[in-house]
């Protein structure tokens, strides 16, 4: 598995979002599984949410089988389980989160605009076969529905898990006005990101145990 960190994805307004790309170590074109959101692409599940991780492992010990879980983060798929089956996994820090500069706009129109551009970027890379699927739980499920309504040309499928049918507006707004802080529990910035000058992408090879 080839892993590329902090790959730049330029937006139309000049902002450059950052993504981690996990892909088969070959020259073929593959379908893409993409996520775009606020839980930080570089924050290991075990470190960011230790209580949830311990509970999950206790209930489902098979999680520890067949993967090192080195690249496992909250609410999105484990690339060590999907890349061997011929998929490319792309994780994007949304605007204002982690390695991506800008202002956070949780579940807002700017975030959805960015998501559309990320899908089209992923669908036109040399390692992509042009078919992009979305996957993720909770927040990552809500924004799948939002971006799918835009009908990006390279979007082939969505797989939203545990997306509440209501509550998005109330969780990101107060008395009808959008707020720049995030919904409770989402570790994202409400001011301009201080890590806007991300380093150049670096590539490493990784193999599941």
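What follows draws every value from the coordinates through simple rules; no lab data is involved. Keep in mind that this is a model prediction, so the values were computed, not measured. Glycine gets a Cβ as well: all are built from the backbone with ideal geometry, and neighbour counts include every protein chain shown.
Tabulated data for the structure shown
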quantity: Burial ordering of 25, 42, fewest other beta-carbon atoms within 10 Å first; calculated: 25, 42
quantity: Three-way shape call for segment 1-75 based on the alpha-carbon gyration tensor, with the a/c threshold at 1.5; calculated: oblate
quantity: Residue order, fewest to most surrounding Cβ atoms within 10 angstrom, among 35, 100; calculated: 35, 100
quantity: 10 Å binning of all Cα-Cα separations within segment 75-131, expressed as whole percents from 0 upward; calculated: 21, 44, 32, 4
quantity: Which of 27, 13 has the fewest Cβ neighbours within 10 Å, and the rest in rising order; calculated: 27, 13
